[in-house]
Amino acid sequence: MKVCVLGAGKVGTTIGAMLESCAFCEAVYLADCRPPAAPLPLSKAQFESFDVADTKRLKAFIAGKDAVVSAAPFYLNREIAAACAQAGVAYFDLTEDVE
């Protein structure tokens, strides 16, 4: 599987590290609006810096991937979920916030 993790803070980076250790995960792609302050503790993950609120950029990032895990702020998840649904990409977010 090719998995995107949106949000590369402590939670997103931890998710990326866990995914890297899974045999089923062939590639991990992390994205955050800010570059990491320190090198990411990941060996295979690719990182891109962009604002996930930029729907066009988000759609390009998730294209061709199998799944997206959102560790982004809750207020971004509606648009992220919509982009995943349109692309036919599996989606999971960590928040309990709903509207």
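A short reminder: the numbers here are calculations on the coordinates, not readings from a lab. In this text, all values refer to a predicted model and were calculated from it rather than measured experimentally. Note that each Cβ is placed from the backbone with ideal geometry, even for glycine, and that neighbours are counted across all protein chains shown.
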*Against the longest alpha carbon principal axis of the chain, how many degrees, from 0 to 90 and to the nearest 10, is the axis of helix 77-87 turned?*
90 degrees
*ALA90: net charge of surrounding residues, Cβ under 14 Å, Lys/Arg +1, Asp/Glu -1, itself excluded?*
0
*To the nearest 20 debye, what charge dipole does the chain have about its Cα centre, counting +1 at the Cβ of each Lys and Arg and -1 at the Cβ of each Asp and Glu?*
280 debye
*Around ASP93, which amide H atoms from residues at least 5 apart in sequence, or from another chain, sit under 5 Å from its own amide H, with H modelled in the peptide plane?*
SER70
*Shape of the stretch 1-75 from its Cα gyration tensor (a ≥ b ≥ c, root eigenvalues): rounded if a/c is under 1.5, otherwise prolate when a/b > b/c, or oblate?*
oblate
*Say each of LEU40 and PHE92 gets a label point 7 Å from the Cα, pointing the same way as Cα to Cβ; how far apart are those two points in nm?*
1.7 nm
*Apply the Karplus parameterisation 6.51 cos²θ - 1.76 cosθ + 1.60, with θ equal to phi minus 60°, to every residue of the stretch 11-23 and state each ³J(HN,Hα) to the nearest whole Hz, in sequence, with x for glycine and proline.*
5, x, 5, 5, 4, x, 5, 5, 5, 4, 7, 8, 4
_Residues whose placed amide H lies under 5 Å from that of TYR29, excluding near-sequence neighbours_ = VAL3, CYS4, VAL5, GLN46
